[in-house]
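Participant: Have a look at this one.
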Amino acid sequence: MLSMQNKHDYIINGNLFGTISPLDRGLAYGDGVFRTLKVVNGLPEQWPQQYQTLVADCGAIGIVCPSAELLMSDLTQLFTPDEIAVAKIIITRGDGERGFAPPAITAPMRLVIKSPMPDYPDINFTYGVNLHVCETRMSYQPKLAGIKHLNRLENILARMEWNDPAIVEGIMLDMDDSVIECTSANIFARFDDTLITPSLLKCGIAGITRQRILDIAYTFSLKTKIEAFDLKKLLSADEVIICNSLYGAWQVRSVQNKAWPQLPLAAALRAALTI
């Protein structure tokens, strides 16, 4: 089995010894989509929703998504029944000649990568995390808004802005100063009994965990809203939470000079997300 640094394994188009062509449009242009998900005891968590979203994201850019059966076969080959790890599924349009215009007929390339679960510090779960406000802004492209496409240079540039280990994530704003997301997480702000998350109609990624929190918020007697808001409003929230598919939910302890006391909602959401 091919491996990277003896920690990562991958399978390409169902082949453990597969390779990616230098003509692959995902490599040349970022012409593809991806999902990152947790695998527990060999099974991908929230698989029906993850696959449904992968199909929708592929459809948004005109790629035929491989079948759930093919991807599950790949996952079964890579992950053992007794491990907890991370799967990253990448689907590209496949090979093409030079130039932006895609071929009339393409064969999508699928790549599944196995990585160890991140070793998150206990303090992230017990006390929360500190956030940086990124200078890198997110540009508008409504046709790509919400989907996990491979063009993530804005997130990379934003993540390069800090190397302080006390800072766990960075808040990304759009060109109008609206809060959109973090570099690898979605964000929520609670005002009294209302949980608000940014509108992603112009840019940003609509993560699975973001939607799951919107779906279960009522069980905590919380109303939900999806709307645009700026950093000033975020800093006035009673509570701020970030989320993704690997760690669930973390409370935000500080942003700039604003600090919040330890509060219970993030831990409660995290517990609910594991059910």
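The values are calculated or read from the model by the stated rules, or taken from the named source; none is laboratory data. This one's a predicted model, so the numbers in the text were calculated from it and none came from an experiment. Glycine also receives a Cβ, built like all others from the backbone with ideal geometry; neighbour counts cover every protein chain displayed. Just the protein is used for accessible areas: all its heavy atoms, side chains included, with ligands, DNA and RNA removed. Shrake-Rupley method; radii C 1.70, N 1.55, O 1.52, S 1.80 Å.
Let's see how each residue does on (1) in contact (Cβ under 8 Å) with a residue 60 or more places away in the chain; (2) in contact with a Gly (Cβ under 7 Å, 6 or more places away or on another chain):
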| site | (1), (2) |
| --- | --- |
| Gln50 | yes, no |
| Leu54 | no, no |
| Pro66 | no, no |
| Asp74 | yes, yes |
| Asp82 | no, no |
| Ala87 | no, no |
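Participant: Any residue at all in the stretch 122-129 that's assigned to a helix (DSSP H, G or I), among the β-branched types (Val, Ile, Thr) and exposed (fewer than 14 other Cβ atoms within 10 Å of the Cβ)?
Facilitator: Within the stretch 122-129 (the criterion being assigned to a helix (DSSP H, G or I), among the β-branched types (Val, Ile, Thr) and exposed (fewer than 14 other Cβ atoms within 10 Å of the Cβ)), the answer is yes, since at least one residue qualifies.
Participant: Can you find even one residue in the stretch 209-219 that is closer than 28 Å to Val55 by Cα, surrounded by fewer than 17 Cβ atoms within 10 Å (Cβ to Cβ) and touching a helix residue (DSSP H, G or I) at 6+ places or on another chain (Cβ under 9 Å)?
Facilitator: Checked the stretch 209-219: at least one residue is closer than 28 Å to Val55 by Cα, surrounded by fewer than 17 Cβ atoms within 10 Å (Cβ to Cβ) and touching a helix residue (DSSP H, G or I) at 6+ places or on another chain (Cβ under 9 Å).
Participant: Return the residue satisfying two criteria in turn: it lies in the stretch 78-114 and is modelled with pLDDT under 95 and polar (S, T, N, Q), and of such residues it is nearest to Gln251 (Cα to Cα).
Facilitator: Within the stretch 78-114, the match that is nearest to Gln251 (Cα to Cα) is Thr80.
Participant: Let me ask something additional. For a quick check of your reading of the model, give me the residue pairs whose first member lies in the stretch 24-39 and is within 9 Å of Thr92 (Cβ to Cβ), whose second is part of a helix (DSSP H, G or I), with beta-carbon atoms closer than 7 Å and at least 6 apart or on different chains.
Facilitator: Qualifying pairs under 7 Å: Asp31/Arg25; Gly32/Gly26; Val33/Leu54; Val33/Asp57; Val33/Cys58.
Participant: Further question: Hey, Gly32 hits all of (1) surrounded by 13 or more Cβ atoms within 10 Å (Cβ to Cβ); (2) farther than 22 Å from Asn151 by Cβ but one; which does it fall short on?
Facilitator: Every listed condition holds for Gly32 apart from (2).
Participant: Could you run through the stretch 29-61 and say how many residues are modelled with pLDDT under 95 and over 19 Å from the mean Cα position of the chain (by Cα)?
Facilitator: Total satisfying the criteria: 2.
Participant: Continuing with the same structure: Kindly indicate which of Ile226, Ile241 is at pLDDT 95 or above and in contact with a Ser or Thr (Cβ under 8 Å, 6 or more places away or on another chain).
Facilitator: On inspection, the qualifying residue turns out to be Ile226.
Participant: Can you pull out every residue in the stretch 58-80 that is open to solvent by less than 10 Å² (accessible area, probe 1.4 Å) and of a type in the set (D, E, K, R)?
Facilitator: Within the stretch 58-80, just Asp74 meets the criteria.
Participant: Go through (1) of a type in the set (A, V, I, L, M, F, W, C); (2) under 22 Å from Asn244 (Cα atoms); (3) in contact with a Leu (Cβ under 9 Å, 6 or more places away or on another chain) one by one and return the number of the condition Ile61 breaks.
Facilitator: If we test Ile61 against (1) of a type in the set (A, V, I, L, M, F, W, C); (2) under 22 Å from Asn244 (Cα atoms); (3) in contact with a Leu (Cβ under 9 Å, 6 or more places away or on another chain), just (2) comes out false.
Participant: For residues that are on the phi < 0 side of the Ramachandran plot, assigned to a loop (DSSP other than H, G, I, E, B) and either open to solvent by less than 30 Å² (accessible area, probe 1.4 Å) or not aliphatic (A, V, I, L, M) (or both), tally how many sit in the stretch 92-113.
Facilitator: Result for the stretch 92-113: 9.
Participant: How many residues, within the stretch 41-57, are open to solvent by 40 Å² or more (accessible area, probe 1.4 Å) and either of a type in the set (S, T, N, Q) or not in a helix (DSSP H, G or I) (or both)?
Facilitator: The total comes to 6.
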